[in-house]
Amino acid sequence: MFPSSTTIEAEATVLQVAGVDRALAAAAEEVVVLADHTKIGVDTMVQTVAADRIDHLVTDDSAPRDVLDELGARGVRLHVAQF
């Protein structure tokens, strides 16, 4: 079975957005990532910003603690919203 044109277009859009995100991060003095717990520690098709480029991570208190601890050990400043 071949992927539909909608699937191909969606994947192309994801790649384009990831490319723009990487370019913005490369030009930024500081990189702030806002991601809820569903995005933390999850393998995805495309990585938009490498962990070593993140200065601040804003997330919620359902994010996996082990992943947050690892990011914190790498120097990422964590901002966790309590619900």
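Within the range 1-38, how many residues turn out to be among the small types (G, A, S), modelled with pLDDT of 85 or more and not in a helix (DSSP H, G or I)?
Selection size over the range 1-38: 2.
Which of the residues belonging to the range 18-67 are among the aliphatic types (A, V, I, L, M), under 13 Å from the mean Cα position of the chain (by Cα) and exposed (fewer than 10 other Cβ atoms within 10 Å of the Cβ)?
M45 - this is the single residue of the range 18-67 that is among the aliphatic types (A, V, I, L, M), under 13 Å from the mean Cα position of the chain (by Cα) and exposed (fewer than 10 other Cβ atoms within 10 Å of the Cβ).
The values are calculated or read from the model by the stated rules, or taken from the named source; none is laboratory data. These numbers were taken from a predicted model, which means no experiment stands behind them. FYI the Cβ positions are ideal-geometry reconstructions off the backbone, even for glycines, and counts take in every protein chain you see.
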